[in-house]
Amino acid sequence: MGHKLCSVLFRRRLNITMEARLLQSSSSTCCFSSGSCSINRHRFSAIPSSPKPLSVSFPQKTRTRTNGVSMSKKDDGIESLSYKGSGVDIDAGTELVRRIAKMAPGIGGFGGLFPLGDSYLVAGTDGVGTKLKLAFETGIHHTIGIDLVAMSVNDIVTSGAKPLFFLDYFATSRLDVDLAEKVIKGIVDGCGQSDCALLGGETAEMPDFYAEGEYDLSGFAVGIVKKDSVINGKNIVAGDVLIGLPSSGVHSNGFSLVRKVVARSGLSLKDELPGGSTTLGEALMAPTVIYVKQVLDIISRGGVKGIAHITGGGFTDNIPVSSLTVWVLLSTLMLGNFHHCSNGSNSLGE
C-alpha cells in the first residue's frame, strides 16, 4: 500500500543519467525496454538484478510466485488489514474475468485491441472506486474527474497507444449542477493532460438509487497504435531493467482499505500531515498521475518492451513475466506521509 507507479524495464547496460528511485505502488504503470539511450528528463527508478527479491506482507495468506515477485507473510502478531478484510475480494474479481474470457476469448490485458487497417484501436474502461466516498466527505470534487480519465488512459498507453478520445458517465439521484460542473471540469483537465478529446458523455438522474448528494462515475478511452508498434511484453528477457515513475499518492485503487485504515487509526481527514499544511483528506484526494505523455515520450526513443499499469493486484499481479523473476531493491522505496501514518497505527504490514 502506498504509491502508484509507472515503471519501465530497460537492458542492464542502458545509460540512465538520473537518480534511480522506485516507489511502492497500489496502482501504477510498468514498462520493459532494451537498447542504448539516455533518459534525463523523467523521474524513473531503475531496478537492476539484486540478490534480494521484493518481499511483500499479505496478512491472510502466503503467495510465492516463481515467475514473479517473491511474497512472504509477515508473522509479527500484529492484526493487519487486507483488501479482502476491507470488503474487496480480488480473487473473486479474477475468477469473474476468467469466466468472461470463456465467453469472449479476445478479452485480456489492460486494454482491448481492435484491428483497423495497419493499426489497432485500443480501448479501456474504468471508474474511480470508493475514492468517491472521500470526495463526498472532503468536498473535493474538482479533481476526481482527472482520476477518472487517468484510470483509462494509463491502461491503454501500456500497449503503446496514443489516446484519441474519452467519454464519461455521471449518475446521481438529483442533479446538482454546480457539483457536476466541478466533476466534469476535472474530466476536461484530465483529457487535456492526456491530449485526447472529450467527445461527450451521459448524465443520469436516478432518484432513490443513490444517496442524496452522492454520485457515481465511469468512463472509457480509445487510443490508436500501429500494429508493428504494439508493446506486448513478449520480448522481455532476463537482465532487462525495470524503471519506476513516481506517483502523486494512493491514486485511485485501494480506497476501501484506505478508509478502513483511517477509521482504525483514529485519524481525521482534517488532520494535518507532518511537514506541511496538507491535510490527510487533501493528500488522499491528490489526483492520479496521467503518465501518457511521459510514457509515449519514452516509447518514441525506442527499446521499450513492456508496460504494466499497477492497479488492482498491485506489483505481484501486474509486473511479473512468465518464467522470469522481478527483483526490486527495497532500499530504493520511498513512501509518502500517509503510509507512515498508517503503519504507525499498526494497521498495515510492509
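Residues that are over 30 Å from P163 (Cα atoms) and at pLDDT 85 or above do occur in segment 280-293.
Every listed requirement among (1) buried (at least 17 other Cβ atoms within 10 Å of the Cβ); (2) farther than 23 Å from V250 by Cβ; (3) free of Cβ contacts under 8 Å to residues at least 60 places away in the same chain; (4) not aliphatic (A, V, I, L, M) is met by C191 save one, (2).
Among residues of segment 198-213 being touching a strand residue (DSSP E or B) at 6+ places or on another chain (Cβ under 9 Å) and hydrophobic (A, V, I, L, M, F, W, C), the one that is surrounded by the most Cβ atoms within 10 Å (Cβ to Cβ) is L198.
When each of K270, K305, K226 is tested for being of a type in the set (K, R), surrounded by fewer than 19 Cβ atoms within 10 Å (Cβ to Cβ) and touching a residue at least 60 places away in the same chain (Cβ under 8 Å), the lone residue that passes is K226.
Checked against (1) touching a helix residue (DSSP H, G or I) at 6+ places or on another chain (Cβ under 6 Å); (2) among the hydrophobic types (A, V, I, L, M, F, W, C); (3) outside any helix (DSSP H, G or I); (4) crowded, with 24+ Cβ neighbours inside 10 Å, V295 passes all but a single condition, namely (3).
Hey, does segment 202-224 have a residue that's modelled with pLDDT under 85 and among the aliphatic types (A, V, I, L, M)? So far as segment 202-224 goes, no, none of its residues is modelled with pLDDT under 85 and among the aliphatic types (A, V, I, L, M). In the condition set (1) surrounded by fewer than 17 Cβ atoms within 10 Å (Cβ to Cβ); (2) within 17 Å of the chain's Cα centre (by Cα), G239 is compliant with all but (2). Tell me, yes or no, whether segment 245-254 has at least one residue that is β-branched (V, I, T), within 28 Å of K185 (Cα to Cα) and either in contact with a Leu (Cβ under 6 Å, 6 or more places away or on another chain) or crowded, with 18+ Cβ neighbours inside 10 Å (or both). There is at least one residue in segment 245-254 that is β-branched (V, I, T), within 28 Å of K185 (Cα to Cα) and either in contact with a Leu (Cβ under 6 Å, 6 or more places away or on another chain) or crowded, with 18+ Cβ neighbours inside 10 Å (or both). Just so you know, in segment 86-129 the residues that are at pLDDT 90 or above and of a type in the set (V, I, T) include one that is farthest from T311 (Cα to Cα), and it is V122.
Of the residues S194, S248, S159, the single one that is polar (S, T, N, Q), modelled with pLDDT under 95 and in contact with a strand residue (DSSP E or B) (Cβ under 6 Å, 6 or more places away or on another chain) is S159. Are any of the residues in segment 251-268 under 19 Å from D155 (Cβ atoms), modelled with pLDDT of 85 or more and outside any loop (DSSP other than H, G, I, E, B)? Checked against the condition, which is being under 19 Å from D155 (Cβ atoms), modelled with pLDDT of 85 or more and outside any loop (DSSP other than H, G, I, E, B), segment 251-268 yields no hits at all. Selection of strands (runs of 3 or more DSSP E) fully inside segment 115-217 by the criterion of at least 1 residues being within 25 Å of P246 (Cβ to Cβ) returns 119-127, 162-172.
Quick check on segment 194-209. Is at least one of its residues closer than 18 Å to K131 by Cβ and not hydrophobic (A, V, I, L, M, F, W, C)? No; the residues of segment 194-209 include none that is closer than 18 Å to K131 by Cβ and not hydrophobic (A, V, I, L, M, F, W, C).
The values are calculated or read from the model by the stated rules, or taken from the named source; none is laboratory data. Because the structure is predicted, anything quoted here is derived from the model rather than measured. For neighbour counting, all protein chains shown are included, and Cβ atoms are generated from backbone atoms with ideal geometry for every residue, glycine included.
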